[in-house]
1. Taking only the Cα atoms of region 72-128, how large is their convex hull per residue, in Å³?
2. Compute and list, largest first, the equivalent-ellipsoid semi-axes of region 35-191 from the alpha carbon gyration tensor, each √(5λ) rounded to a whole angstrom.
3. Calculate, axis by axis, the spread of Cα positions in region 188-313 along the three principal axes, and write the results as whole Å, longest axis first.
4. Per residue of region 136-151, what does 6.51 cos²θ - 1.76 cosθ + 1.60 with θ = phi - 60° give for ³J(HN,Hα)? Whole Hz please, x for Gly and Pro, Karplus curve as stated.
5. Please sort 110-116, 303-309, 148-154 by packing, taking for each peptide the average over its residues of neighbouring beta carbons within 10 angstrom, highest first.
6. Fewest to most neighbouring Cβ within 10 Å: what's the order for 203, 92?
7. Mind checking region 133-177 for trypsin sites (Lys or Arg not before Pro) that DSSP puts in a loop (not H, G, I, E or B) and that have at most 13 other Cβ atoms within 10 Å?
8. Using DSSP to define loop residues, name the GluC sites (Glu not before Pro) in region 41-110 whose beta-carbon has at most 14 other beta-carbon atoms within 10 Å.
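Just so it is clear, none of the values below were taken in a lab; they were calculated from the coordinates. Just so it is clear, the structure is predicted and the values come from calculations on it, not from any experiment. Neighbour counts are summed over all protein chains in view; Cβ atoms, including those assigned to glycine, are modelled from backbone coordinates with ideal geometry.
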Amino acid sequence: MSSNRTRRLTAGVLGAATAVATLAMAPAAQAAPRDGLLPQQRDTSVTVGRLVLEPTDRGYRGSVPLTISYRGTGTADLSVSIVEPVAGAFEDIDFGMPCFYGERPGELRRNIDCWDQIQGGDHRTHTIEFEVLTETQAYAMSAAGGAVTVTTTDSQPLTITKGFDTVFRSTTGSLRNPRPYVQDTQTDASVAAGSATLVRQPDGSYLGRLPVTVRYEGDAPHDGLQLESVLPAGVQLDSIEPSDVCAYPWCSVPGGEFMQGEERSVELVFTAPVGTTAGDLGTGSVVLHSSYFTEVSDVDPSDNTTGFTITAVDGAA
């Protein structure tokens, strides 16, 4: 065999051996880990508990424990996004930084988005609080879809999403055999009013109150109710009692969100200027509105408006 041919065969054998060795080593170096994460991406771990909503004298309340561990080095940006299991149920999270509501297109449930920073070696535990203002039941219920997404942003950004189960404890203490919880998607609010008598004051102006009753049936999500006053010329809205925010011609109904079946009585305070002639000042109306991040229609809009008469008198009413 010629020396040239010998060298070619030897080179071929060595090249093949090298290729085999390389191929044998490649799987160990390139194989994807079973959890789909590279070693440097295992710096963040997230644990989310189960939400057990306990019956109270005002609907259900409960909390979810959230634990975030960051084993990276330095400081990473941290974001936490919470998906409500029940629309309007989120109450609070002890996060230490502001959180903001975000819309979920086509849904009444919201995202709650929070941002902060986290230091290497931090092990943080937070409590997410929920409240569902629905009538308590003698049977357990369940809701699906609650989730927490945690993102740490450093040289190897990582996003982890964990769902959590939601169960409503029965008034008898049971969590067994839960039925699906079905929330109302339309409000069912109503307003009624008496009449307003404005009494002449020492300075010649007039002041009086209109008794108003607001009722909220059902458990559709809302952030609160507002009363809009539509008044004849010369009559002005002054305030609401008990006191709450008023910005003419609107006043918030004191007390925040309504429990299913709750009724509240308030008084709207009206004034008329000096020079007003005593007697019939005409009619006004009060329109009840609900507020939420998106518009929620009412079952029966006809009972969201009520009319009333306004009278001015010179003596005590």
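1. Looking at region 72-128, the number lands at 87 Å³ per residue.
2. Ellipsoid semi-axes (Å, largest first): 33, 17, 13.
3. For region 188-313, the Cα spread along each principal axis is 46, 25, 22 Å.
4. 6, 10, 7, 10, 6, 9, 9, 9, 10, x, x, 7, 10, 10, 10, 10
5. 148-154, 110-116, 303-309
6. Placing the least packed residue first, the sequence is 203, 92.
7. 176
8. In loop regions of region 41-110 (DSSP not H, G, I, E or B), the sparsely surrounded GluC sites (Glu not before Pro) are 107.
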